[in-house]
Structure formats: C-alpha cells, structure tokens
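Presented below is the structure to which this report refers.
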Amino acid sequence: MTLKARITAIDRFIKGCREDGIYDDLNACCVMAGWDSLAGALTPLKGAAPTNNGLSNYDRGIGIAGDGSSAYLDSNRSGDADDNDDNHVAAYVTASAAANGAVMGNGNSVDGLTQTIEDINSGYFLYRNNSASGVSGLSPGTGLAGSSRNSSSVLSVAGGGEFDTLSLASAGNDSSDINVFARRSSNAPQLYWGGTASFYSIGSSLGSDPATGLAALDARVSTLMADLRAIEETGFDRDAIAYIRAVEAADGAYLETDVKVAINNLVAGLKADGLWDAIGASCLLCGPRTLAGALVPLRGDAPTSYGFVEGDFDRLGLQGDGTSYLDSNRANNADPQDSKHLAVYAATATSAFGVYVGSQFDSVIYRSGSPDLLTRINRGTPFTAVAGAAGATGFLAANRPSLGVTQARAAGTTVTENLDAVRYISDNSLIFATVSSGVVTAISDATLAFYSIGSSLDLAKLDSHITDYVTAIGAAI
C-alpha cells in the first residue's frame, strides 16, 4: 500500500510538471524524501545520479540534512550543461540552517562566475546566476529556493514561498559541477550548508516565463511533499496532526518523522487512557525546533512568555534563568475546586528555591529548603510532600481527585493525603514561578520539557506517557 501510494504521488508530480510545461526543463533532479533509505533518496528522477560525499542524516519525511562542515552532493551536472541565459537551479528547503551556507551552486575563483543560492543566517537568500556579483532578497523558509533566467539582464528567484524578479546581468557560465549542500569553487566544495532539503533540480529555464515556472515548480513539489508526508502520517490522530502542523508553522520548518510519531503516540495514548479531556492547558517544551514552536499549545490557550529568548530553548527543554517565566493563561478556578491537577517534566531540577508551576502558593509544585518536594491544590498549609524528592527530575505532579483528598507524585511515587480544599483563587497558573502579594516570585531555574494544568487525572498514567514521550524525543533528535 505504501509503495503504491508513493508511486501515485510521483506520477502526480510528473504529470503536473508536464501540464505546467516545466518537466522537460528538469535535466538533473532527485526527490530526496519519501523513500526507505538514503540510497533511494539519491536515485535520480532525471539525469545523472549525484555522488554523495559524507551525507548520512536522512529522514524520509523531510529529506537530507547537511552537516554545515564537510558533507555535500556532487550533482554530476556541470554549470555549462545549460545555456548561460537559459537555466535554473532549485532546491526544496524543509529546514533552514543556523549558519551561512550554500544551498547549492558552483563557481570559479578565477573568473568569479557563480550560479548559487546561499542561505544567509541574517535572514535572506543571496542569489548568483552565471554572474560575479550577487543579489539578495526573500527570506529563507520552507519551500522552493531557486533561481531561473531566460534573459541576460534579469533573474527570477524563489524563496520561503515568495517570488521576485531582480536585475542581474549574466556574464558567462562556469564548467564546474553544481554541488548541493555546498557550492563548488576552484574545483573544491565550500560554504557547506547545514539545512535540510527534500528535492533539487538543475536544468534549463522553467518554461517561457521563469517567474511563473518557479511558482509552478514550488507548487508541484509542495504537493508532492504533502502527498509523501500524508503517507507517513497514515493512521495519525487528527488532533496530533493539527498540533504538528501548528508547530511546523511556528518553527518555519518541518518536523522529523520520529518526532511526529512521538507526538502522535503521546496524543493517542492520552486519549486511550482517558487523560486527554482532563488536560486544560499544556505545552510540549521539547521536540519542536524553536521557542515559538515549543509555545504552541498541545491543549488550551498559548502561554505568554516573559523574558525567555531563543537561546533559552533547545529541543530537549526550556531552561529557566531565575527571572523568566510563562503565564499559562489558565485561571486556577477554570477547573473545579475538587478536581484539579498540575504537572511538569523537569529535565533538570530547580535550585534550592523555586516554583515549577503555581497559582499563588495555594495550587503549586514547589521546592524550598526542605528535602521534600512540596505541593498544594486549592488550599493553604500544610503541603502534600514527596519525601526526599526536592531535587527530583522527571515527572512532577499534584492532583486533587476529590474535595478531601490530595496527591503528589515525584520519582515514580505517588503520595495521597486527606486534606480538604479550602481555597479557590482565580489567579492564572504560572510556569517557572508563582505570584505572592501581587508580585511574581520564586522564579525557577529548572529546565522543563512539559507542563499540564487541568482537572483530576491518573498521575501514574500521565507520568508513563510523558516520560515515554521525552525519551522518544531524546532518541529522535
């Protein structure tokens, strides 16, 4: 079934390109996603097979990732195989790089002529097309990065889903091979690119109008990618897919197949164990590529960030600094007084004093000078404590299953006590902090990979699903 679906997707792509009058212009072309192996991804759709020089990071859902330092493809198509004023180069970017690099191209240090697309870290693509000088424009992002010309004076370009026509005179072409994930200069690769691409093509100008041809190629490859990704996502939960798409939009890049599988398994598992509807507000603070992606809510409203910057986030969690925090935008009394939970996954514990999640000190998970992890749900003193767990990492939670019972969980242990709910405040729950007398306080320096706020649920089951998810993300990236 999967093979038949892939064949159907490729057939749809080829027929579409022929309808658009651009298929004959794809003289060297690889579809670098959708296949079970890197060898499959490097099997040419048209033209010569590329030579792989060190690339090994392949994901069938998003393509091949460059390493930004030494790995590249030699397309085995020379820059002068297509006419000086009748050519194109294009690659479909699924994730931009963190550092400057050439998506593809060639060049010669003697005459300065180059045919390149460069991903510039400061936020734009730089294009050269059989010219010594370059022109910039269009922001990097997912979609086709390309240039095409059928004129000696103007160049049509694509990048990040946008298209433009720029003035750039041609001055002759270069005979060196066009590289992908680097550009070739003085017969050696340089400007290695660390981004990810799922397609490349080299050839003549795309139809009679290069700008229209680039837009058509972008649309056809986008459809192909959507078809191939849909094959990978067959059977996924619809809420998992909606969350994945929202994260990818915030990240400006596609998520890897194994990350998507981990998300789907989490959502499906939460639903199977009857936990999903009890989660009123939640973020997966590990797995997405960017801070913006991590703050896309799995459930409920998006949090408001106070002080966090991109450098505080990596794909394994969000690092607190003792001054930054999140407002969950979920009021404590959004859940019943006798049915409420708070939960986080701490990749690293807060130092001797700090709150993981809290609404004042009445609904809170907290570390003080005590050797115990302290929790409350809708009451003042005393705390429900997990003995000796003040510095525990992993899943930490508090729960109130009824008006007279509270629970706390850390280090795989749940403690249950008979403590009435006697407070029911309306303050929002904060992550990494709480509020006391109107002042944000006890701000944590923990690293958190997850938080959840909602009505009562089974803490052991939630612990199992979140721990499995965090473990899966660690293996995936």
How many residues does the stretch 283-334 contain that are under 17 Å from ALA347 (Cα atoms), surrounded by fewer than 22 Cβ atoms within 10 Å (Cβ to Cβ) and in contact with a Lys or Arg (Cβ under 8 Å, 6 or more places away or on another chain)? 1
From ILE425, ILE431, grab the single residue that is farther than 25 Å from LEU284 by Cβ, touching a residue at least 60 places away in the same chain (Cβ under 8 Å) and β-branched (Val, Ile, Thr). ILE425
Meets criteria (more than 20 Å from ASP80 (Cβ to Cβ), among the aromatic types (Phe, Trp, Tyr) and either surrounded by 23 or more Cβ atoms within 10 Å (Cβ to Cβ) or not assigned by TED's automatic domain parsing to the domain that holds LYS46 (or both)) for PHE125: yes
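Every residue, every condition in (1) surrounded by fewer than 20 Cβ atoms within 10 Å (Cβ to Cβ); (2) closer than 28 Å to ALA250 by Cα, yes or no:
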position: SER133; (1), (2): yes, no
position: SER136; (1), (2): yes, yes
position: SER148; (1), (2): no, no
position: GLY160; (1), (2): yes, yes
position: ASP164; (1), (2): yes, yes
position: ALA169; (1), (2): yes, no
Residues in the stretch 185-219 that are surrounded by fewer than 24 Cβ atoms within 10 Å (Cβ to Cβ), more than 24 Å from ILE22 (Cα to Cα) and of a type in the set (A, V, I, L, M, F, W, C): how many? 2
Quick one: in the stretch 414-434, of everything that is polar (S, T, N, Q) and closer than 11 Å to GLY358 by Cα, which residue is surrounded by the fewest Cβ atoms within 10 Å (Cβ to Cβ)? ASN428
Any residue in the stretch 443-472 that's in the same structural domain as ILE279 (by TED's automatic domain parsing) and in contact (Cβ under 8 Å) with a residue 24 or more places away in the chain: show its pairings with residues that are in a helix (DSSP H, G or I) and hydroxyl-bearing (Ser, Thr, Tyr) at Cβ separation under 8 Å, as long as the two are six or more apart or on different chains. PHE450/TYR469
Residue list for the stretch 350-368, filter: over 22 Å from VAL405 (Cβ atoms), surrounded by 22 or more Cβ atoms within 10 Å (Cβ to Cβ) and touching a Leu at 6+ places or on another chain (Cβ under 9 Å): VAL355, ARG367
Which number in (1) outside the structural domain of ASP25 (by TED's automatic domain parsing); (2) not hydroxyl-bearing (Ser, Thr, Tyr); (3) not in a loop (DSSP other than H, G, I, E, B) marks the one condition that GLY274 misses? (3)
Which one of these is more than 26 Å from SER464 (Cβ to Cβ), over 29 Å from the mean Cα position of the chain (by Cα), surrounded by fewer than 24 Cβ atoms within 10 Å (Cβ to Cβ) and modelled with pLDDT of 95 or more: GLN407, GLN337? GLN337
From the set of residues in the stretch 152-190 that are part of a strand (DSSP E or B) and among the aliphatic types (A, V, I, L, M), which is farthest from ASP218 (Cα to Cα)? ALA188
Would you please name the residue that is farthest from VAL440 (Cα to Cα), looking only at residues in the stretch 277-298 that are in a strand (DSSP E or B) and more than 18 Å from the chain's Cα centre (by Cα)? ILE279
Looking only at the stretch 312-362, count how many residues are touching a Phe, Trp or Tyr at 6+ places or on another chain (Cβ under 9 Å), closer than 24 Å to ASP420 by Cα, assigned to a strand (DSSP E or B) and of a type in the set (S, T, N, Q). 0
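The values are calculated or read from the model by the stated rules, or taken from the named source; none is laboratory data. Since the model is a prediction, treat every value here as computed from it, not as a measurement. So basically every Cβ, Gly included, is an ideal-geometry build from the backbone, and we count neighbours across all protein chains shown.
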